[in-house]
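Everything on this sheet refers to the single structure shown next.
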């Protein structure tokens, strides 16, 4: 028995993140202290005039010198902290309140959205400081006018980020449900939209306090902000700049205060952003409780050398309040050179994330954890090792070629990059290879296609180009993530034949991801069936199609029509819903939807074990199917507990504990 290890270094990352926030937090506490105590401690030297001491330079008594009335400049700088920070916070709150309101209207209202969005676009075309000066003239001189001016200048930025976030939320089902229930737009905005966009808006506000300090100081420096006898850092900087060559401290003290305050709030915002992104759980959480898995080195039918070895792979995402989501819970398989492995399952089963984890395309705060993840004898969990193989020895073809190709650059540029960056080929050599790659994927007139953009190609040709890009790096492994989903049936068959031919010609191993088991049967030597992040069955393609052992696999096979399928009879359907990635169940994750489930299934998780008599057929099921009509067996509940209360599962297979 082996236990899947938790992701290490979570506590170390949390400690490092807290240490990174120590500097801005200490500076913030210092500024808060000055806001409260500075007028009490240094109020007298900041306001008392001493004409005899006017215009003095730096000294032991006056570290930054004195102004034209003999007042201590350092004391005035410390006392000005309250005014400067208070006005910055008020301006940010004003701009945030108005901007968030406009952004909600622009993102959710169909009638006013376009008009508000157009106004936001116009205002964003001007720099914030320029808008501040314009509004300062409009609202008048003084503290109130400067706050209104900076708040108005910040409004477009808040409106744009709120509009973008709202547009991503407003189409969710729970928003539609609230509308159906008769909720008013204000209620929907306050109860359903704002709570889901609050974090980035608050972080944006924190960073903008630093920007507000700079903007307000700039207005005061220009004479448009705080007016005498009141003063802030900008006013002090303006007064001290006239004597900067005589007494540098007069301008240096407020300048240092402005820069230090701006940096404090910017660092604080970045630290909070990083902290929230990690959900205070170390960004790479340890995940659910450890699961014991039967673990032994048995042959799984993979001939020759092991090109790719995956053992107990997990993909983990941090959730709210320290929880975690594990969309890929336990995946193990091996792949030999020249072999094609298909991974199938319904949407949400974790197959695409498995491919992304192997290709190291899981973005933070997601984490990849595995007992073994090796490719070409390199540990893919080692970042330096990954850099040696990604793009050169490992290539990936994505589901939507329109999204994979940059519309702003030519097809030739896409093709040149792998050869020039990863292989170090000069441009003429890379161009010849690009032409050869285009011919290899059956694209005629490669010189003309080389100079075109993606919008000039059909969907099937775009996908051929994506495959050609993968071939430019001479890969040993090609990962195809549902490469035919966006194509029509005729083009789909052409692409499938092309992928199968490329696998034979290049000798590369191939990982083929699809939700359609019939498509996988076209090109794959072996098939792994995934459900809720687990591999529930793995077998050679012919074996699996002829005799699926897991009830879920049987339903997938039965739901794929053939030429002999009864046109009148409905295809089998599977009721219920797959468990969410954050669900942690003690037993089989398919038990709630399986007609063969009993107390053993719901209480104990089945390991992936070899079926007796088959060296390469494995299934994770306590009651695997062995009857002659597996599709019907999976859809009926005829092997349940008998009248005596004991399990009558006479069709269960005898299995050997020979794990993956």
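General observations
- Yes/no for residue 40 being out of contact with any strand residue (DSSP E or B) (no Cβ under 6 Å at 6 or more places or on another chain), surrounded by fewer than 13 Cβ atoms within 10 Å (Cβ to Cβ) and either modelled with pLDDT of 80 or more or in the same structural domain as residue 89 (by TED's automatic domain parsing) (or both): yes
- Test: residue in the stretch 207-225 that is modelled with pLDDT under 90, in a loop (DSSP other than H, G, I, E, B), in the same structural domain as residue 89 (by TED's automatic domain parsing) and crowded, with 16+ Cβ neighbours inside 10 Å: yes
- Subset of the stretch 522-553 (residues that are surrounded by fewer than 24 Cβ atoms within 10 Å (Cβ to Cβ) and in contact (Cβ under 8 Å) with a residue 60 or more places away in the chain): 523, 525, 534, 540, 541, 543, 547
- Only one of the numbered conditions (1) touching a strand residue (DSSP E or B) at 6+ places or on another chain (Cβ under 7 Å); (2) closer than 26 Å to residue 490 by Cα is violated by residue 562, and that is (1).
- Unique match (being in contact (Cβ under 8 Å) with a residue 40 or more places away in the chain and within 15 Å of residue 162 (Cβ to Cβ)) among 80, 91, 106, 97: 106
- Test for residue 343: is it in the same structural domain as residue 309 (by TED's automatic domain parsing), under 26 Å from the mean Cα position of the chain (by Cα) and at pLDDT 90 or above: yes
- Residue ranges of strands (runs of 3 or more DSSP E) in the stretch 359-432 with at least 2 members under 14 Å from residue 475 (Cβ atoms): 394-397
- Scanning the stretch 243-292 for residues being assigned to a helix (DSSP H, G or I), touching a helix residue (DSSP H, G or I) at 6+ places or on another chain (Cβ under 8 Å) and either on the phi > 0 side of the Ramachandran plot or modelled with pLDDT under 75 (or both) gives a total of 5.
- Hey, residue 77 more than 22 Å from residue 203 (Cα to Cα), modelled with pLDDT of 85 or more and crowded, with 18+ Cβ neighbours inside 10 Å or not: yes
- Residue check: residue 498 meets all listed conditions (1) within 23 Å of residue 608 (Cα to Cα); (2) in contact with a helix residue (DSSP H, G or I) (Cβ under 8 Å, 6 or more places away or on another chain) but one, namely (1).
- Inside the stretch 54-65, residues that are over 54 Å from the mean Cα position of the chain (by Cα) and within 18 Å of residue 233 (Cα to Cα) make up a count of 0.
- Selection within the stretch 499-510: residues that are over 11 Å from residue 483 (Cβ atoms) and under 31 Å from the mean Cα position of the chain (by Cα). The member of this set that is modelled with the lowest pLDDT is 508.
- Against the list (1) closer than 23 Å to residue 468 by Cβ; (2) over 20 Å from the mean Cα position of the chain (by Cα); (3) modelled with pLDDT under 85, the condition residue 384 fails is (1).
- Single match in 412, 391, 402 (criterion: at pLDDT below 70 and closer than 24 Å to residue 498 by Cβ): 391
The values are calculated or read from the model by the stated rules, or taken from the named source; none is laboratory data. Just so it is clear, the structure is predicted and the values come from calculations on it, not from any experiment. For neighbour counting, all protein chains shown are included, and Cβ atoms are generated from backbone atoms with ideal geometry for every residue, glycine included.
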